[in-house]
């Protein structure tokens, strides 16, 4: 790096530990100075990167960081897979409980319906056994007495 004082935008981003988009945004905002080369490419001085971003990441550090991240990512993936299996098992158990509760409610509903029908049948039979009500022959109202006998009884 020491032999090369200017880096292209991709190299600058890697060394600074930021994305290319960040480098371009900072350049546009004037936070970091960028040089335009004769071929139109844009470069950044290493000293400018250190001024803006502090200690730069050396390629060896980046490799070590990437390896660490890969190891950590693998462990996180395993942990997440275990949690997913546990949650799927729990979900299956909850579904089974829900289905069992639905079946129990349905059996109770059917039982209640049969009991209602049984009681309804008993009431109908008992109603048929009751004597027919007699037409009440109470005292006639003053109006009926004054008007005389009615045609209806």
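Taking segment 19-48 only, how many residues are over 15 Å from residue 8 (Cβ atoms) and in contact (Cβ under 8 Å) with a residue 40 or more places away in the chain? Going through segment 19-48 one residue at a time, the tally reaches 1. Of everything in segment 8-54 that is out of contact with any helix residue (DSSP H, G or I) (no Cβ under 8 Å at 6 or more places or on another chain) and at positive phi, the residue that is modelled with the lowest pLDDT is 54.
The values are calculated or read from the model by the stated rules, or taken from the named source; none is laboratory data. Keep in mind that this is a model prediction, so the values were computed, not measured. Note: ideal-geometry Cβ built from the backbone for every residue, glycine included; neighbour counts use all protein chains shown.
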